[in-house]
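Structure, as structure tokens:
The values are calculated or read from the model by the stated rules, or taken from the named source; none is laboratory data. None of the values given here were measured: they were computed from a predicted structure. Quick reminder, even Gly has a Cβ in these numbers, built from the backbone with ideal geometry, and neighbours come from all protein chains shown.
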Amino acid sequence: MPVVVETIAGLRSQLRQAKAHAASEGPARPRVALVPTMGALHEGHMALVERAQERAEIVVVSIFVNPLQFGASEDLDRYPRTVESDVERLRAHGVQLVFAPTLSEVYPAGDLPTKVTAGDIGDLYEGRSRRGHFDGVLTVVAKLLHIVNPDTVVFGKKDAQQVFLVKRMIADLNFDVQVATVPTVREDDGLALSSRNRFLDARERIAARALPRALEAAESSADRGPDAVLAAAQSVLTGDTAVQLDYLQVVNPATFLPVDDNHHGPALVLVAARVGDTRLIDNATIHLG
Ligand code: AMP
């Protein structure tokens, strides 16, 4: 079984031991990779674990449902917590170190007077619907990076805006860490794996296919420019009354701002929608011709 550590001091001590052990068997300076998660692990998370294992001798998976990134009206209380089966899944994938801190270990005084702010892009798209979300994400990621001090941190492209903002924080605040990203892992019908998919009933699960289908429609229209892309994706999303569109946008991956009409080359299509009570997000890279 992996070692499951709840405290920061315990994690640091386990890391020292793991490094000494790895150094006695392999490279003099073993590398560490961190995979931050909120648990309720699925095969998407495991793809991140595999990338971490390619990059480092020592892999730490953190499991922490971070209240700072949930708004007052959001699903913090109902967010799935499945630590036992998560640890079992990680064991099956050969992970040796799991950091599952308690709330008071991460936020001993309740709130944190000091926070990282995500800036302008943090207020768009996900950040517009979820005020303060990315400040909460960046703050906890900054803390985890200081606690674990990894050589590499691994994120999924499913949360494209998160990847953009984490990379910008790392550059802006001179964190000494590499970011590795992993393509979105999907079900056979295209739905992106998500810890929240378990909330979908049978009818909603079918309706949720509209998200990947909208992205496919976007891709098929990429030759005809951003307006055609948006129209194609929108017509798929509005085709099912169970799907309440939150936002749909085509952005420049370099700036994360909406593309100009004459933009050519790679662009990201971002979509978020509510299916029943469950909020889902997805994205795809397209090539605007
Ligand atoms: P979460 O536990 O939802 O906070 O996600 C933890 C990490 O897993 C984030 O970097 C996500 O982008 C990534 N992730 C979540 N779902 C997927 C997926 N379907 N494919 C690849 N990565 C994912």
| task | Can you confirm whether segment 16-26 contains a residue that is acidic (D, E), free of Cβ contacts under 8 Å to residues at least 40 places away in the same chain and more than 16 Å from the ligand (Cβ to nearest atom)? | result | yes
| task | Report yes if some residue within segment 127-141 is surrounded by fewer than 20 Cβ atoms within 10 Å (Cβ to Cβ) and on the phi > 0 side of the Ramachandran plot; otherwise report no. | result | yes
| request: Counting only residues that are of a type in the set (G, A, S) and within 30 Å of L11 (Cα to Cα), give me the helices (runs of 4 or more DSSP H) lying completely in segment 117-228 with at least 1 of them. | output: 133-148, 160-172
| said: Among the listed residues L200, L191, identify the single one that is more than 11 Å from the ligand (Cβ to nearest atom), under 25 Å from Y79 (Cβ atoms) and either touching a residue at least 24 places away in the same chain (Cβ under 8 Å) or buried (at least 19 other Cβ atoms within 10 Å of the Cβ) (or both). | reply: L200
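Residues are listed down the side, and each one gets a yes or a no for (1) assigned to a loop (DSSP other than H, G, I, E, B); (2) over 30 Å from E50 (Cα atoms); (3) under 17 Å from the mean Cα position of the chain (by Cα); (4) at pLDDT below 95:
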| site | (1), (2), (3), (4) |
| --- | --- |
| D86 | no, no, yes, no |
| R91 | no, no, no, no |
| V98 | no, no, no, no |
| P108 | yes, yes, no, no |
| message | Filter segment 203-230 down to the residues that are among the hydroxyl-bearing types (S, T, Y) and buried (at least 16 other Cβ atoms within 10 Å of the Cβ) and list them by number. | response | S221
| said: Of all residues being under 16 Å from P101 (Cβ atoms) and part of a loop (DSSP other than H, G, I, E, B) in segment 1-15, which is farthest from the ligand (Cβ to nearest atom)? Just the residue, please. | reply: T7
| query | Where residues in segment 177-187 are within 13 Å of the ligand (Cβ to nearest atom) and not basic (K, R), which of them is surrounded by the fewest Cβ atoms within 10 Å (Cβ to Cβ)? | reply | P183
| Enumeration of residues in segment 229-268 that are part of a strand (DSSP E or B) and within 14 Å of A210 (Cα to Cα) | V243, Q244, L245, D246, Y247, L248
| request: Working only within segment 8-32, note down all residues that are in contact with a helix residue (DSSP H, G or I) (Cβ under 8 Å, 6 or more places away or on another chain) and surrounded by 13 or more Cβ atoms within 10 Å (Cβ to Cβ). | output: I8, L11, R12, L15, P30, R31, V32
| note | Scanning segment 33-48 for residues that are outside any strand (DSSP E or B), in contact with a strand residue (DSSP E or B) (Cβ under 7 Å, 6 or more places away or on another chain) and crowded, with 23+ Cβ neighbours inside 10 Å gives H45, L48
| said: Take the conditions in contact with a Lys or Arg (Cβ under 8 Å, 6 or more places away or on another chain), modelled with pLDDT of 95 or more and under 28 Å from L103 (Cβ atoms) and apply them to G39. Does it pass? | reply: yes
| Hey, does segment 60-70 have a residue that's free of Cβ contacts under 8 Å to residues at least 60 places away in the same chain, within 15 Å of the ligand (Cβ to nearest atom) and touching a strand residue (DSSP E or B) at 6+ places or on another chain (Cβ under 6 Å)? | yes
| Name the residues in segment 142-162 that are within 7 Å of the ligand (Cβ to nearest atom) and either of a type in the set (F, W, Y) or at positive phi (or both), would you? | F155
| So which pairs qualify, if the first residue must be in segment 163-185 and touching a residue at least 40 places away in the same chain (Cβ under 8 Å) and at negative phi, the second must be within 16 Å of the ligand (Cβ to nearest atom) and acidic (D, E), the Cβ gap must be under 7 Å, and the two must be at least 6 apart or on different chains? | V185/E43
| Among the residues listed as G110, G119, G136, the single one being farther than 24 Å from E57 by Cα, in contact (Cβ under 8 Å) with a residue 40 or more places away in the chain and more than 16 Å from the ligand (Cβ to nearest atom) | G119
